[in-house]
Amino acid sequence: MPPYSPGRRAVLGGLLGAFALTGCGTLRGKPKVREWNLFGGGDGARLLQIHQQYVAEHPDVAFQAHTLAWGPPFYTKLAMSAAGGRAPEVATMHMSRIKGFSPTTMLDPIPVELLNAAGIQQSDFLPATWDRCVVDGKLYAVPLDQHPFVLYYNTEICKKAGLLGPDGKIKPVKGVTAFLDMLRAVKSVTGKYAVSVDTTSPWRLWYTLYGQLEGKFFNEDSTQLVLDDAKALEALDLIAKLASEGLTPRSANYAALVAQFSNGDAGMSFNGEWEVTTYQTAKLPFSMAPFPVVYDVPKFQGDSHTFVLPHQSHRNADDTKATIEYIAWMLKHSAEWAAGGHIPAYQPVVKSTEYLNLKPQAEYRSVAPNVLYDPDAWFSGSGAQLENEAAAAFSGIASGQATPKAALAQFKAATQKLLDTPSPV
């Protein structure tokens with residue numbers, strides 16, 4: 001997810017800090033669960049409410065929740081605490097960051113027997129999601145959700161464009177031609193853009209398209225860059241075409257992406273699903289759907305939030321048991337978390353009436369098996385350097401300041417330099 005503004009995060013941090021002081025017990029003998037997370041904005045406010053419920057139901061646990069700045073600041077502080085063996089009992093981590101975090105030294109394995117005792121089984125998760133949490137035969141994370149790249153659409157604009165079916169939902173399109181026809185129809189209604197997208201950091205869009213072309217990034221052990229130039233350029237050429245036709249803006253950052261969809265300048269938006277609360281609060285007439293399958297296979301860039309046990313030199317058995325029970329409780333209550341847009345990883349919740357009744361949050365749940373995680377590397381994952389290098393190289397494509405060929409060459413050179421640099425952890 002994108003970083004949130006410092007003002008909103010600072011306010012939320014104050015709220016969570018106050019919650020940590022007043023919501024937990026301080027009596028000796030209570031098992032303690034200290035939780036670090038990186039959730040700001042709507043996610044942070046929602047997590048605060050969920051944690052208040054957890055505390056109310058668990059007076060026998062000394063619980064503290066702390067929100068740290070999203071992205072590199074969070075992972076740097078977490079790594080330092082784990083390296084020193086003085087980490088919190090549990091932390092949130094993007095699944096795409098796990099293998100680059102040196103899990104066998106910086107994380108403690110999840111005690112599967114305690115997880116099972118708390119009512120959570122491996123069979124409760126999609127196999128591909130669970131398998132990504134396993135390193136060298138040990139479980140190092142428990143998935144909470146998935147947050148894929150999706151399609152938002154203004155229902156009033158898309159109805160005028162003739163894109164809605166009898167059920168009021170957008171009609172799926174497949175292939176480049178149908179995709180472009182859909183966007184041109186939307187532009188004809190708005191008179192401005194078809195879709196809002198972050199052109200200054202187009203990693204999610206490009207990696208989705210490249211993944212749909214079945215392009216590979218690294219070899220199996222992530223030691224060699226194996227980008228398919230032809231497929232990479234095909235995806236970049238399409239991004240350039242969208243901008244040259246005025247279907248997307250020439251230049252728009254994340255804030256502009258949200259604003260252009262909110263004010264009707266664009267009848268669609270390509271983004272992660274986490275802005276659903278923003279548009280609901282604004283009472284925008286909108287719904288959501290899977291991002292179109294433009295090329296060969298259904299793949300959608302995304303990530304997952306997971307729970308991990310950062311390394312402690314002397315992990316307390318009672319604290320660990322309470323921590324695993326906290327994780328299990330959060331999974332079983334993840335329909336409340338899903339209201340913010342994220343697809344629950346815990347399948348009993350995905351099948352629940354409570355989740356299925358969430359509209360439009362349940363409308364794109366079908367993409368879960370096909371979420372495309374960022375390549376495995378120490379410099380890859382949400383908020384990591386690989387996305388920054390993609391932004392630096394690809395941002396000039398929509399604006400016309402860089403050709404796709406030159407942008408790809410720059411990106412490959414930057415990625416190779418990172419690949420040649422030893423992991424700092």
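The values are calculated or read from the model by the stated rules, or taken from the named source; none is laboratory data. Not measured: the values here are computed from a predicted model. Ideal geometry is used to build each Cβ from the backbone, glycine not excepted, and the neighbour counts take in all protein chains shown. Ligands, DNA and RNA are stripped out before the accessible areas are found, and what is left, the full protein with its side chains, is counted by its heavy atoms. Shrake-Rupley method; radii C 1.70, N 1.55, O 1.52, S 1.80 Å.
Rounded to the nearest 20, the Cβ-based charge dipole of the chain about its Cα centre (Lys and Arg +1, Asp and Glu -1) stands at 820 debye. Each Lys or Arg adds one and each Asp or Glu takes one away; over the other residues whose Cβ falls under 13 Å from the Cβ of Lys321, this sums to -3. Helix 404-419 and the longest principal axis of the C-alpha atoms of the chain enclose an angle of approximately 20°.
May I ask you to derive the FRET efficiency for Ser366 and Ser313 from their Cβ-Cβ distance with R0 = 60 Å, giving the value to the nearest 0.05? Spell out each step's value before the answer.
Values: r = 44 Å, r/R0 = 0.73.
Once the sixth-power term is evaluated, E becomes 0.85.
Here the Gaussian network model covers the chain, with springs between Cα atoms less than 10 Å apart; of Val150, Val186, Val112, Val112 fluctuates the most.
If I compute solvent accessible area with a 1.4 Å probe over the protein chains, what percent of it on the stretch 27-121 is carbon and sulfur? Exposed carbon and sulfur together represent 55 percent of the surface.
Among the listed options (1) 0.97; (2) 1.02; (3) 0.99, the one matching Rg/Rh (Cα atoms, Kirkwood Rh) as calculated from these coordinates is (1).
Do any of Lys32/Lys99; Lys159/Lys359; Lys171/Lys299; Lys77/Lys299; Lys174/Lys241; Lys171/Lys192 go past 25 Å between their Cα atoms, and which? Don't skip to the end; give the middle numbers.
Numbers: Lys32/Lys99 27 Å; Lys159/Lys359 18 Å; Lys171/Lys299 18 Å; Lys77/Lys299 33 Å; Lys174/Lys241 18 Å; Lys171/Lys192 22 Å.
The pairs that break the limit, which is 25 Å between Cα atoms, are Lys32/Lys99; Lys77/Lys299.
Looking at the square roots a ≥ b ≥ c of the eigenvalues of the Cα gyration tensor of the stretch 289-425, which shape do they give, rounded for a/c under 1.5, prolate if a/b is larger than b/c, or oblate?
Numbers: a/c = 3.31, a/b = 1.35, b/c = 2.45.
Oblate, because a/c is 1.5 or more while a/b does not exceed b/c.
Along the chain, counting only GluC sites (Glu not before Pro) with a DSSP assignment other than H, G, I, E or B and at most 15 other Cβ atoms inside a 10 Å radius, the longest segment between sites is 1-213. Excluding same-chain neighbours fewer than eight residues apart, no lysines are reachable from Lys417 by a Cα-Cα span under 17 Å. Computed extension length for Lys192-Glu214: 4.7 nm, one decimal, from 0.36 nm per residue of separation with the Cα-Cα distance subtracted. Measuring nothing but protein heavy atoms, the accessible surface of the stretch 273-360 at 1.4 Å probe radius is 54 percent carbon and sulfur. Across Ala282, Ala414, Ala391, mean-square fluctuation computed from a Gaussian network of the chain (C-alpha pairs under 10 Å connected) peaks at Ala282.
Calculated from the alpha-carbon coordinates, the stretch 169-220 shows an Rg and a Dmax of 14.1, 46 Å respectively.
If you build a Gaussian network model of the chain, linking Cα atoms that sit under 10 Å apart, which residue out of Gln53, Gln361, Gln301 swings the most? Answer for the Gaussian network model of the chain: Gln53.
What is the local net charge at Glu214, summed over the other residues whose Cβ is closer than 12 Å to its Cβ (Lys, Arg +1; Asp, Glu -1)?
On the way: positive: Lys216, Lys231, Lys299; negative: Asp228, Glu234, Asp296.
Computed value for this residue: 0.
Net charge dipole, the stretch 127-243: roughly 740 debye, given to the nearest 20, about the Cα centre with Cβ charges of +1 for Lys and Arg and -1 for Asp and Glu.
Accessible surface computed residue by residue for the stretch 294-425, with neighbouring protein chains in place and a 1.4 Å probe, gives 38 Å² per residue. Helix 317-332 axis versus longest C-alpha principal axis of the chain: approximately 30°, rounded to the nearest ten.
Straight-line cross-link partners of Lys187 among the aspartates and glutamates, defined as a Cα under 16 Å from its Cα and at least 8 positions apart when in the same chain: Glu156, Glu245, Asp265. For the stretch 319-388, what does the alpha-carbon gyration tensor say about shape, rounded, prolate or oblate, given a ≥ b ≥ c as the root eigenvalues, a/c under 1.5 as rounded, and a/b over b/c as prolate? Oblate is the answer for the stretch 319-388, as a/c is 1.5 or above yet b/c matches or exceeds a/b.
Here the chain carries DSSP beta bridges of which approximately 65% are antiparallel, counting only pairs with both residues inside. Summing charges over neighbours of Asp296, with a neighbour being any other residue whose Cβ is under 14 Å away from its Cβ, gives +1 when K and R count +1 and D and E count -1.
Given +1 on the Cβ of Lys and Arg, -1 on the Cβ of Asp and Glu, and no further charges, what dipole in debye does the stretch 287-377 carry about its Cα centre, rounded to the nearest 20? Let's see the in-between values first.
Values: 7 positive and 10 negative charges, 46 e Å.
The dipole of the stretch 287-377 has a size of about 220 debye.
The mean accessible area for residues of the stretch 93-208, using a 1.4 Å probe and ignoring ligands and nucleic acids, is 39 Å² per residue. Projecting the Cα atoms of Ser304, Val55, Ala79 onto the charge dipole of the chain, computed from C-beta unit charges around the Cα centre, puts Val55 farthest toward the positive end.
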